[in-house]
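Beneath this line is the structure, given in structure tokens, with notes to follow.
Any read-out appearing in this document is the output of simple, stated calculations on the displayed coordinates, not a laboratory observation. Since the structure is predicted, the reported quantities are computational estimates derived from the model, not experimental observations. For neighbour counting, all protein chains shown are included, and Cβ atoms are generated from backbone atoms with ideal geometry for every residue, glycine included.
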Amino acid sequence: MALLTDVCRSVRTLLGQCQRSAAAAAWIHSQSSRKYGQTASEPEPVISDNEAINKTFVNRNPRNLEQMALAVKDRGWATVWPSRQYYHRLVFKRTQHHITAEVYSSDSIDPVLSCSTKEWALKRELGSTRSVAACRAVGEVLAQRCREAGITRIVYREVPWMFRSESNQTFWTAMKEGGVMLSEPRRKFI
């Protein structure tokens with residue numbers, strides 16, 4: 001009898017182990033199916049012809065590299081006066097009878113913009129075409145033309161003894177008050 005009880009106990013233990021291992025296998029299977037199960041698939045986006053991107057890009061604003069200070073400046077030689085490192089340069093001239101201010105591009109010998117007391121519209125408003133008031137008027141008109149042309153930064157370098165004169169100082173102040181910065185940003189090298 002003791003032998004039969006031992007056999008029954010062994011069978012019960014074996015069946016219990018089989019049931020536990022089957023339950024564990026079912027639980028592991030349910031966990032793995034959760035982990036690796038797929039979620040509902042997302043619908044494919046519909047691309048219309050209106051949203052297609054062109055492979056070739058055309059820059060419609062050739063001056064944007066200048067405004068970001070990324071365009072190449074001609075360095076010239078170290079001994080050249082005035083320096084050739086600019087995008088736009090302002091030249092202020094006084095002759096015996098007239099005052100002229102011109103803006104030059106770095107790659108052109110002809111002025112991009114100019115203003116002078118030789119222009120009839122400016123001459124008729126002034127008492128003298130060579131006075132300090134004329135310098136101020138030329139500065140104001142040229143600053144307005146620069147803003148209209150989209151030029152907001154210009155290099156203006158003058159010889160120190162010429163720059164100290166009252167007419168140069170008045171012209172310089174009128175340009176700055178007109179919204180034009182008389183210096184350019186440092187070039188960024190990337």
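Observations on the model:
- Separation of the residue 105 and residue 118 label points, Cα + 7 Å toward Cβ, nm: 2.2
- Residues with amide H under 5 Å from that of residue 113, placed H, sequence gap 5 or more: 103
- Extension reserve of the residue 91-residue 186 stretch, reckoned as 0.36 nm per residue once the Cα distance is removed: 32.2 nm
- Applied to the range 146-157, the Karplus parametrisation 6.51 cos²θ - 1.76 cosθ + 1.60 on θ = phi - 60° returns per-residue 3J(HN,Hα) values of 5, 5, 5, 7, x, 9, 10, 10, 9, 8, 10, 10 Hz, with x for Gly and Pro.
- Residue 126 versus residue 6: modelled label distance in nm, points set 7 Å from Cα along the beta carbon direction: 12.8
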